[in-house]
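I have placed the structure first, in the form of structure tokens, so that the comments after it can refer back to it.
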Amino acid sequence: MKKVGFIGHGEGKFTIRGKEIAIDLIYKLMKGYGEPITVISGHSPVGGIDMWAEKIAEKLGFPTDIKAPKQLTWGGSYGFRARNIDIAEQSNELHVILVDRYPSFYKGIRFSNCYHCGVSDHVKSGACWTRKWADRVGTKTFTHIIENV
């Protein structure tokens, strides 16, 4: 069975409409495989793409392979770095779903561009670090940028 990763921004970076668009995209992508897939997720503690993918997989009856970090730090025995590497290396395909801009109500740190990618067409995300690792190891990747209206 094909293993497909779904990663991206946390819920706080989405507008209501952006969230609706993202959830619809995840559903269409999963259904588009034409057969069940194993959904890989990073089970982000801030929700968003990871958690929405898990819920949609459950609704569709697709198995999941959850890569939840054991420590909420970059390093450590199984922090975000190790979790992200597992997602990149264990997925046959990886979908990275990002927003094009911060919502007006966003209270967190803002960056003028994604320093992982060196571009400003989407908001910075650790998912881009994971995509770059996946590209390096030969995992097929797809980046989807949501218009966060």
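The values are calculated or read from the model by the stated rules, or taken from the named source; none is laboratory data. Computed from a predicted model, the values in this text were never measured in an experiment. Don't worry about glycine lacking a Cβ; one is built from the backbone with ideal geometry, like all the others, and counts go over all protein chains shown. In case anyone asks, the SASA skips ligands and DNA or RNA and just uses the protein heavy atoms, side chains included. Shrake-Rupley method; radii C 1.70, N 1.55, O 1.52, S 1.80 Å.
Here are the numbers for this structure:
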item: Apportionment of accessible area to carbon and sulfur, region 85-149, percent (1.4 Å); result: 49 percent
item: Probe 1.4 Å, accessible area per residue of the chain, Å²; result: 50 Å²
item: Solvent-accessible area of Met51 with every protein chain in place, 1.4 Å probe, in Å² to the nearest 10; result: 50 Å²
item: Per residue Cα convex hull volume in Å³ - calculated over region 1-125; result: 109 Å³
item: Percent antiparallel among DSSP beta bridges (both partners in the chain, rounded to 5); result: 5 percent
item: Of Phe14, Phe80, Phe105, the one that fluctuates the most in a GNM where the chain has Cα springs shorter than 10 Å; result: Phe105
item: Charge dipole magnitude, Cβ of K and R +1, D and E -1 - region 1-147, Cα centre, debye nearest 20; result: 300 debye
